[in-house]
Structure formats: C-alpha cells, structure tokens
Amino acid sequence: MENMVVNLLQHALETGEVQEAKKRRIEATVNREIKVDAPDELLPSDEALSIETIKDKLVTSHKQLADFAQEHSAETLIKKALPHPAFGLMSLEQWIPFVGYHEVRHTEQIREVKADIGL
C-alpha cells in the first residue's frame, strides 16, 4: 500500500490540478470498529513471500515515503489532493501521516490475531 501511495502522490504532484481539500480526521484510521474494504489492487495475493523479502519491501517503501516527504514542503503538498476511499479528498500532505496510521491499524490487527491464537 505504501509503495502505491508514494507513486500516486508523485503522479498527483507532477500532473494533478491545484485543489483545496479540507483537513480530514485521519487519526480515525486506527479505530478498528470502523471497517473499510480495501481496494481490489491492495487485497493480499496468493504469492508466498519470505520474511526477509517482506522486510526488504517494507524498508524500501518506508524510505520512498520518507524521501518524498523530505523532498517536498508542506506548502507544496497542501495545494494538491487525491481521493481516499473512506475519507474523501485529502491533501497530499495528509496522505503522508495517513500511511503511518494505516500501519498502526494493521499492527493492531496482527496483535489481536496473535492474542486470539495464544501467541
């Protein structure tokens, strides 16, 4: 997801129209009582990956997002926006912390599953 978001942000920054998006309450992302279906392109595949491959992909996507955030000012990122399936139109600037909230949500899901199976 993070890699896809970085690509979408870069594309919107380069080609998107200037548009104003109101601030969204993205911290609600971690509320596990609110269910949101993932877009088809983000559903898990049947492909089995090693733990090392998964870690490498995560490190790479984190670096890509961090680099993007460091390369562009908040003022630049506020001027353009992308739609989010649950929150509606969000500024590119808000998409960056959203990714962190999204990761926290999945971390909590993993903790719940581990607790349910006694790990």
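Please count how many residues of segment 66-119 are part of a loop (DSSP other than H, G, I, E, B) and within 23 Å of residue 22 (Cα to Cα).
So in segment 66-119, the residues part of a loop (DSSP other than H, G, I, E, B) come out as 72-73, 79-80, 85-87, 117-119.
Right, trim to within 23 Å of residue 22 (Cα to Cα) and you get 72-73, 79-80, 85-87.
Qualifying residue count, segment 66-119: 7.
For segment 30-57, which positions are over 17 Å from residue 109 (Cβ atoms), surrounded by 10 or more Cβ atoms within 10 Å (Cβ to Cβ) and aliphatic (A, V, I, L, M)? Steps first, answer last, please.
Let us first name the residues in segment 30-57 that are over 17 Å from residue 109 (Cβ atoms), namely 39-41, 45-53, 55-57.
Adding the requirement that they be surrounded by 10 or more Cβ atoms within 10 Å (Cβ to Cβ) leaves 39, 49, 53, 55-57.
Listed by number, the list holds a single entry, 49.
From the list 10, 64, exactly one residue is under 24 Å from residue 107 (Cβ atoms) and either small (Gly, Ala, Ser) or under 14 Å from the mean Cα position of the chain (by Cα) (or both). Which is it?
Working: 10 fails: under 24 Å from residue 107 (Cβ atoms).
Residue meeting the stated conditions: 64.
So residue 34 passes all but one of these: (1) at pLDDT below 95; (2) β-branched (Val, Ile, Thr); (3) in a helix (DSSP H, G or I). Which condition number does it fail?
Only one criterion is unmet by residue 34, namely (3).
Out of the residues in segment 61-108 that are in contact (Cβ under 8 Å) with a residue 24 or more places away in the chain and small (Gly, Ala, Ser), which is farthest from residue 25 (Cα to Cα)?
That would be 61.
Just to be sure I understand the filter: pairs with C-beta atoms under 8 Å, separated by 6 or more residues or on different chains, first member in segment 1-21 and under 14 Å from residue 77 (Cα atoms), second member assigned to a helix (DSSP H, G or I) and polar (S, T, N, Q). Which pairs pass?
Every condition considered, the pairs that remain are 6/61; 6/64; 13/76; 21/94.
When residues of segment 1-25 are filtered for being of a type outside the set (A, V, I, L, M, F, W, C) and surrounded by 15 or more Cβ atoms within 10 Å (Cβ to Cβ), how many remain? Steps first, answer last, please.
Start the filter on segment 1-25 by keeping residues that are of a type outside the set (A, V, I, L, M, F, W, C), which leaves 2-3, 7, 10-11, 14-17, 19-20, 22-25.
Filter again for surrounded by 15 or more Cβ atoms within 10 Å (Cβ to Cβ), leaving 2, 10, 16, 24.
Summing the residues that are of a type outside the set (A, V, I, L, M, F, W, C) and surrounded by 15 or more Cβ atoms within 10 Å (Cβ to Cβ) in segment 1-25 gives 4.
The values are calculated or read from the model by the stated rules, or taken from the named source; none is laboratory data. None of the values given here were measured: they were computed from a predicted structure. Heads up, the Cβs are rebuilt from the backbone with ideal geometry, glycines too, and the neighbour counts pull from every protein chain shown.
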